[in-house]
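Structure first, then comments.
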Amino acid sequence: DRDLLRSCLGQVERLVHFAAAVGVGQSVYEIERYTSVNALGAAVVLEEATEVRDRLEKVVVASSMSIYGEGLYRCPREDVEVAPEPRTDEQLAAAHWEVECPSCGAELAPLPTPERKPLAPTSIYAIGKRDHEEMFLAWSRAYGIPATALRFFNVYGERQSLSNPYTGVAAIFASRLLNRRPPIVFEDGRQSRDFVHVSDVVSSVVAALEPGRGDGMAINIGSGDATTVLDVADVLSRGLGVEVEPEIRHAFRAGDIRHCFADVKRAREELGFTASVAFEGGMRELAQWLEGQEAVDRVEEATEALRARGLTT
């Protein structure tokens, strides 16, 4: 909405662009909508920002860890870093979940993923987030307005949508548990992610909005710790007092990755940012907020939409 955006810019001196259609799996079949909303929406923001460029001091755009595809790994046999290709359909169909070295076949060990790792988005949503990042940084160079792209890892916390089956895994599991249903776990549940609390995300944005901090850069925003999907289910179920075991389906979804957690060195050096909320404490806080909340469980509906299109087993 160009007119609304223009009125919102008003006397704004620092601009944050977070708006996006969110849903990794859904984006693979609602391709036109995700591309239109995300890419063209960002284009409108940049065009209108250009009109007030003399006033703008700093711009921050939300990117995503999804643009990496698989994270960075090390081959223990050859002792080299590996940025692997996606796992093959044949491997996944055989339930060989871990990533293997393309050279020697050894099981790779996940490493913290730095910003230098080659980007390999595996969904339309991830491609759109890469576009956001590149569009804003290119615009920044063209007009000489400082901009920073923040690559958010798995954000969780209070007020996250509980009825959107395409939001983060913590909220999706919470919606199941609040309805006394088991969290649905794909693969074997030992795939790992980096969970960062929403309050830490806020702190990172505040830091990045300062001119001179991370200008012209893409920066990981995460905790730097790897946490398995099964750990998320366990901590949430204990926090909510719901004794329901997760349903491990040993199925896979198109575009899913095995391991990815953040190398946070650049955030520390360029923004002075370090995540302060530990996973266990953040999840306890989330569980307290969840008490009394209501959630519409649409997880099976979303999963069936993927299955009908051959995007999950």
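The values are calculated or read from the model by the stated rules, or taken from the named source; none is laboratory data. None of these values were measured; they are calculated from a predicted model. Here the Cβ positions follow ideal geometry from the backbone for every residue, glycine too, while neighbour counts run over all protein chains shown. Side chains included, ligands, DNA and RNA excluded: accessible areas come from the protein's heavy atoms. Shrake-Rupley method; radii C 1.70, N 1.55, O 1.52, S 1.80 Å.
Screening V264, V244, V277 for residues that are buried (at least 19 other Cβ atoms within 10 Å of the Cβ) and either within 28 Å of A95 (Cβ to Cβ) or touching a His at 6+ places or on another chain (Cβ under 6 Å) (or both) leaves exactly one candidate, V277. In segment 158-201, of all residues being of a type in the set (K, R) and under 26 Å from L92 (Cβ atoms), the one that is least open to solvent (accessible area, probe 1.4 Å) corresponds to R176. The residue of segment 96-106 that is nearest to the chain's Cα centre (by Cα), among those that are within 18 Å of H250 (Cβ to Cβ) and open to solvent by 40 Å² or more (accessible area, probe 1.4 Å), is E98.
There is no residue in segment 291-303 that is modelled with pLDDT of 95 or more and open to solvent by 80 Å² or more (accessible area, probe 1.4 Å).
Scanning segment 114-134 for residues that are of a type in the set (A, V, I, L, M, F, W, C), open to solvent by 10 Å² or more (accessible area, probe 1.4 Å) and assigned to a helix (DSSP H, G or I) yields I124, I127. Of the residues making up segment 102-131, those that are over 17 Å from C260 (Cβ atoms) and either out of contact with any helix residue (DSSP H, G or I) (no Cβ under 7 Å at 6 or more places or on another chain) or modelled with pLDDT under 95 (or both) number 5. Scanning segment 301-312 for residues being under 15 Å from I184 (Cα atoms) and in contact with a strand residue (DSSP E or B) (Cβ under 8 Å, 6 or more places away or on another chain) gives a total of 3.
Would it be correct to say that S199 is among the polar types (S, T, N, Q), modelled with pLDDT of 95 or more, assigned to a helix (DSSP H, G or I) and in contact with a strand residue (DSSP E or B) (Cβ under 8 Å, 6 or more places away or on another chain)? Break it down stepwise before answering.
On the way: among the polar types (S, T, N, Q): yes; modelled with pLDDT of 95 or more: yes; assigned to a helix (DSSP H, G or I): yes; in contact with a strand residue (DSSP E or B) (Cβ under 8 Å, 6 or more places away or on another chain): no.
Taking the combined requirement at face value, the residue does not satisfy it.
When every residue of segment 135-152 is checked against the conditions, none turns out to be surrounded by fewer than 21 Cβ atoms within 10 Å (Cβ to Cβ) and under 13 Å from the mean Cα position of the chain (by Cα).
For the residues S163, S204, S175, the requirement of being outside any helix (DSSP H, G or I), in contact (Cβ under 8 Å) with a residue 60 or more places away in the chain and hydroxyl-bearing (S, T, Y) singles out S163. Note on segment 9-21: among residues that are in contact with a helix residue (DSSP H, G or I) (Cβ under 9 Å, 6 or more places away or on another chain) and not in a loop (DSSP other than H, G, I, E, B), the one that is modelled with the lowest pLDDT is L9. Pairs linking a residue in segment 6-35 that is over 18 Å from I124 (Cβ atoms) and of a type in the set (K, R) to a residue that is in a loop (DSSP other than H, G, I, E, B) and open to solvent by less than 70 Å² (accessible area, probe 1.4 Å), with Cβ atoms under 6 Å and 6 or more positions apart or on different chains, are R14/E57; R14/L209.
Among residues of segment 240-255 that are within 28 Å of I124 (Cβ to Cβ), those with a Cβ under 6 angstrom from a residue that is among the small types (G, A, S) and assigned to a loop (DSSP other than H, G, I, E, B), sequence gap 6+ or separate chain, pair up as I248/G189; H250/A95; G255/S123.
Taken as a whole, segment 57-64 holds no residue that is over 30 Å from R2 (Cβ atoms), of a type outside the set (S, T, Y), surrounded by 17 or more Cβ atoms within 10 Å (Cβ to Cβ) and touching a residue at least 24 places away in the same chain (Cβ under 8 Å). Of the residues that make up segment 73-95, is at least one surrounded by 12 or more Cβ atoms within 10 Å (Cβ to Cβ), part of a helix (DSSP H, G or I), hydroxyl-bearing (S, T, Y) and touching a residue at least 40 places away in the same chain (Cβ under 8 Å)? For segment 73-95, residues surrounded by 12 or more Cβ atoms within 10 Å (Cβ to Cβ), part of a helix (DSSP H, G or I), hydroxyl-bearing (S, T, Y) and touching a residue at least 40 places away in the same chain (Cβ under 8 Å): absent.
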